Amino acid sequence: MMVTITVSTPTETAVVPHGGVSRIFSCNPVATGIPTNADPILIDTTAAMSALGPLFRANRLGRKLPLPMIVSPDGQLSDDPSEFVDRGGGILPVGGLEQGYKGYGMVLFTEAISGALGGFGRSGQSGDSEANGVFVQAIDPAHFAGRETFEHEMGWLADQCRASAVAPGHDAVRVPGDRALARKRDQLRDGVELIGPIVDDILPWAARLGCPFPPPIDPDRTVSA
C-alpha cells in the first residue's frame, strides 16, 4: 500500500500564518510511505520550519537552530529556540519569511483534512490536550496501473535521484527514508542509540514503573546529540 498520514493538534498553537506573528497552528506532520521494487520511500515532513521536538531539544541543550525558524512577536527572525520557548515567538511555515506561503497552504490543507473534515477542528477547543485529529489514507496500486508497474516506476525514479550528479565535495543524493532504513539495519545489529537528553527523560519513568533500564552495550561509545 501507499500510505499517507497527517495529524493536527487542535489545542496546540505553535506555527504562525505566512505574514503574521500570532501562533495559530500546530506543526502538522505529514508522512507518506511509497513502495518500490526495493526499499520503500519514506517521507516524514511537516508544514512548519521545525517540529517541536528538535526545537525544545535545542533549547534544552543551549544550542541555536540550524536556520532562523522563529519569528518574534515584533516580527524579528531568530535562530534562538528560547525565542519560542520563553518569549512567545512562533515557528514559521515551511518556506520561511520569503516563501512561507507554500507551507501556509500546506498547513491549511492538513488542518482541513485531519481536523475540520472529521469535526475536530480548532474552533471551540481549549486547554492543553494532546488529542490529535488524524487522517490516514491507504492506496492499493493494484486497483490502478498494477502493483508491479507502480513499484517499478517508483523504484526507477528513486534510483534516478540517487544517481543524480552532485556538486564537487557534496554527498550523494539520498531518497527520503534511505538514512532511516540504514540506521534501522545498524541498530537491529548493534543496538539502539539514544542521545543523553532522551535517556534522562526515560530514567525517572523506568524507576517509577520498576522497569530496569538496560545497560549500554558499549559504555565508552560517544553518541552525538
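Results, tabulated for the structure shown:
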| quantity | calculated |
| --- | --- |
| Residue order, fewest to most surrounding Cβ atoms within 10 angstrom, among Phe135, Phe144 | Phe144, Phe135 |
| Candidates Pro214, Pro54, Pro176: whichever shows maximal mean-square fluctuation once the chain is modelled as a Gaussian network with Cα springs under 10 Å | Pro214 |
| Normalised per residue, the volume of the convex hull around the Cα set of the chain (Å³) | 194 Å³ |
| Among Gly105, Val134, Phe213 - extreme Cα towards positive end, dipole of the chain, charges at beta-carbon | Phe213 |
| P(r) histogram, all alpha-carbon pairs of the range 1-105 included - 10 Å bins from 0, percent | 16, 44, 27, 11, 2, 0 |
| Pair Leu77, Gln137: separation of 7 Å Cα→Cβ label points (nm) | 3.2 nm |
| Label-point separation in nm, Met1 to Arg87, each point 7 Å along Cα→Cβ | 4.6 nm |
| In sequence order, calculated HN-Hα J values of the range 158-168 (Karplus, 6.51, -1.76, 1.60; Hz; x Gly/Pro) | 4, 5, 4, 5, 5, 8, 4, 5, 10, 5, x |
| In Hz, Karplus ³J(HN,Hα) per residue of the range 91-101 (6.51, -1.76, 1.60; θ = phi - 60°; x = Gly, Pro) | 7, 6, x, 3, x, x, 5, 7, 10, x, 4 |
| Computed magnitude of the charge dipole of the chain (debye, nearest 20; Cβ of K, R +1, Cβ of D, E -1) | 140 debye |
| The range 140-197 - Debye-derived log10 I(q)/I(0), Cα point model, q = 0.19, 0.30, 0.31 Å⁻¹ | -0.87, -1.10, -1.12 |
| GNM result for the chain, Cα springs below 10 Å: residue of Thr46, Thr13, Thr149 fluctuating most strongly | Thr149 |
| Max mean-square fluctuation residue, GNM over the chain, Cα-Cα springs under 10 Å, options Asp80, Asp39, Asp201 | Asp201 |
| Ranked packing of 25-36, 63-74, most packed first, by mean Cβ within 10 Å | 25-36, 63-74 |
| Whole-Hz couplings from phi, Karplus 6.51/-1.76/1.60, listed for the range 135-144; x for Gly and Pro | 10, 10, 10, 10, 10, 8, x, 4, 8, 10 |
| Under 5 Å, built H, 5+ apart or other chain: amide partners of Ala48 | Val94 |
| Over the chain: helical MRE at 222 nm, DSSP H runs n ≥ 4 each giving -39500 (n - 2.57), nearest 500 | -10500 deg cm²/dmol |
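Bear in mind these aren't lab numbers, they're just calculated from the coordinates by the rules spelled out. Note that the coordinates shown come from a computational prediction; the quantities given were computed from them, not determined experimentally. Ideal geometry is used to build each Cβ from the backbone, glycine not excepted, and the neighbour counts take in all protein chains shown.
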